[in-house]
Every structure is written in structure tokens, then in C-alpha cells.
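Worksheet for the structure shown next.
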Amino acid sequence: MRIVVAMSGGVDSSVAAALLAEQGHEVIGVSMQLYDQSEGQTSFGTCCTIDDLYDARRVAAAIGIPHYIVNFESRFDEQVVSNFIKEYSAGRTPIPCSHCNSDVKFATLLDRAVGYGAERLATGHYARIEPRPDGTFLLRRGADIAKDQTYFLFSLTQVQLGRALFPVGHFDKGEVREHARRLQLRVAAKPDSQEICFVPDGDYATFIEKAAPELKKSGAVVNQAGDVVGGHGGVHRFTIGQRKGLGLSLKEPLYVLAIRPETAQVVVGPREALGRAALTASQVNWVSGIPVQEWTGVHAQIRHRHLAAAARVREIDTARVEVEFDEPQSAITPGQSVVFYDGDICLGGGWID
């Protein structure tokens, strides 16, 4: 089978490509150049840098497969970077990786795979696809729960799942690195990326201010009663639940409870005030393609590192849902994803309003 593998230069996608080649498939490695890298982001171990592209090319050469670099800068800027800036300016906290996976990687690379005459697109995601007797597909968490990436893949459709492969999804990270050593891949010990790939040094506030100087607008930090307790240099510098970097000298620790871009106010309060028992979400995708219309019990995950909590969900409008948790959840954050699970099956998700 001819398979295109999205190669980021990391150990996971490198092992995915190498295992498929070892199994006898005709593998084509493709790496995405996503942004202008002339101002940094060349250090070893980050994501999608020039060094990563070179690592991907060297791995492809080592396992004897062709490798191509495709320029997706324009689409990435439109779908991911611009969204990132717009969301922070609106007092929301975006997830670039989810937008990249749904709007760039799978949407665009699947089309590119067709151009290469490939039947499938493989990635290094820690997730699993299970074919069903009726011809549909389930999206399951990766076997390594600590590395599971289905939270970033909730927007996948049945068509996309039918053409996707996750060759390392049934391994844990240690097993993936062991395969990399066995296959003598130079990236076997390469660290996992943690940063936002297009933000040099992880300083997202400065990145946003450079791209949109008008957002550097001072405002007031207020308590729940509306009393001014401090000031700030822009709402884009804050996220719900934030404690550090508030610039306040008060006896009790305070957390960001709300962000009001229309008045440039940041509302702070005690930790217990962060709890919420309900939310609404928009642009909801159900992996099965069938919306949940009546109240349905699920486990809902509101952050990548959040433990999915018991809840119920129902559709209230086209691609919009309401969610009620059995117990209040801390720091429900607009702009983040809420992803729904039934056991280890990812049912879908959407963007928290």
C-alpha cells in the first residue's frame, strides 16, 4: 500500500514511517513548513523548526523512502496563527495544536496524499482507529494514556478516519523509543516538543503584540465586587485560572476568574470561585457524524491535562451543545476544547464558549 507519512522530525512520526516501511508498504515522507523561521526557532527539540525538517529528511534517507517538504505557510498563518491572535484579543485561550491538526494537517495533507497516489495518511499521534462491522470507525485513546492525543483530534470525520493511520497509537512512549533504537534512528533520544511552535522562546504575549500592536492596551484588574486592585498591559496576557504574573501585592492568592476585552478588565478572586458546573461549546464535531440531541452521559475533558469528568451533554443548536458536570470543574476556559468520551472512545468535541 502506498502511504504518506506526516514527518515532523520527532521520534513518534519517524518510528511510524520506519515501521510502515519495515512492513513492506510504499512509504512517502512529507514534512510541512508552516511558518517563517528566519527569526529563531532553530533549537533542537522544539516543534516544526528547520532542524526538525532536516531530522525528518535524514530519517527518511536512513530508512530509504522519498521525502518532500511542502510549504503550508499561507494556510497555517490563516488557519492557526491569525486565529491564535484573534482569540487572545477576545479574551479567550486558543489551542493552536487542535487547529493545526484539523485545519492544516488532516484537511490539507489528505488532499496532498491523493496527489501522490497514496491510499492513506499516517501520523505519529498517540491514538487508535477501530473499524466497525458497519463500515464506520471509532477513535480511541492511545494505549499510553499519559501521551494520548485524541483531545487534539476531536474534529476528525469518518472520511478522514477511514484514510488515517496511527502506527504508534498502540505503543507507550518507552516502546516507541525502543523501536527507534532498534531501527537505529538518529532521533531515538530526541526530547518531546512542548512549546507553541511559531512563538520564539515561548513568549506568546510579545509575539501577539508584535503582530497586533493595537492589542497592547492597559486596563484594570478588579475583584468580584468591581473594585480596582491593580492594572495590566493587555488582556492577551491572561488566561482563566492564572495565578502568577498578575502584578498584585495582596495577602491572599488570587486567580483570574474572567477576562472582559470590551472593557479591558481582568477579574480576579479566590480559587474556590473558579468552579463552574456547566458550559456551552460551539463548532462541535461528532466523530460518528451523528449529533447527540438528547441528554447523554459522557466524560468531558476541558484541558489536555485535565482528567475527564462525569457530565451530560445535549445539542442546543446546530453544532452547539450545553454540558452539565456532575461536580463543578475548575477554570473552564473559553477558547479551549471540551472533548467527550465514552470510556476510551472519543465521541467528539467543540470549542468552549
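Quick note: the coordinates plus some simple rules give every number you see, no bench work behind them. Since this is a predicted model, take the numbers as computed values, not measurements. No Cβ is skipped: glycine too gets one built from the backbone with ideal geometry, and neighbour counts run over all protein chains shown.
Quick notes on this structure:
- DSSP beta bridges in segment 2-201 [antiparallel fraction, %, rounded to 5]: 25 percent
- If R0 is 51 Å, the Cβ-Cβ spacing of residue 322 and residue 119 corresponds to a FRET efficiency of close to 0.80.
- GNM result for the chain, Cα springs below 10 Å: residue of 142, 117, 162 fluctuating most strongly: 117
- Shape class of segment 72-135 from the Cα gyration tensor (axes a ≥ b ≥ c, square roots of the eigenvalues): oblate, since a/c reaches 1.5 or more and a/b does not exceed b/c.
- Net length gained if the chain between residue 353 and residue 310 were fully extended (0.36 nm per residue, minus Cα distance): 13.5 nm
- Cα gyration tensor shape of segment 2-201, rounded if a/c is under 1.5, else prolate or oblate by comparing a/b with b/c: rounded
- For residue 296 and residue 62, a Förster radius of 56 Å and the Cβ-Cβ distance give a FRET efficiency of 0.70, rounded to the nearest 0.05.
- The DSSP beta bridges internal to the chain are antiparallel in roughly 70% of cases.
- Cα-based Lys proximity count in the chain, under 18 Å, for pairs eight or more positions apart or on separate chains: 6
- Positive-pole candidate from 256, 11, 124, dipole of the chain, charges at beta carbon: 11
- For segment 217-269, the dipole from Cβ point charges (+1 on Lys and Arg, -1 on Asp and Glu) about the Cα centre works out to 180 debye, to the nearest 20.
- Listed residues 335, 351, 313: farthest to the positive end of the dipole of segment 274-352 (Cβ charges): 335
- Sites residue 244 and residue 145, calculated FRET efficiency, Cβ-Cβ separation with R0 35 Å, nearest 0.05: 0.80
- Beta bridges from DSSP with both residues in segment 161-304: antiparallel share about 75 percent, rounded to the nearest 5.
- Put a dot 7 Å past the Cα of residue 282, heading toward its Cβ, do the same for residue 262, and the two dots end up 1.4 nm apart.
- Given charges at beta-carbon only (K, R positive; D, E negative), |dipole| of segment 274-352 in Debye: 280 debye
- A run of the chain free of exposed loop cleavage sites, with GluC sites (Glu not before Pro) counted only in DSSP states other than H, G, I, E and B and at most 10 other beta carbons within 10 Å, reaches its longest extent at 40-261.
- Stretch gain in nm, segment residue 107-residue 273, where the contour uses 0.36 nm per residue and the Cα spacing is subtracted: 55.8 nm
- Positive-end residue of 191, 235, 98, charge dipole of the chain with Cβ unit charges: 191
- Gain on full stretching of the segment that runs from residue 173 to residue 189 - 0.36 nm per residue minus C-alpha separation: 4.6 nm
- Its Cα centre serving as origin, the chain has a Cβ charge dipole (Lys and Arg +1, Asp and Glu -1) of approximately 440 debye.
- Result for the chain in a Gaussian network model with C-alpha springs under 10 Å: among 186, 276, 132, the largest mean-square fluctuation is at 132.
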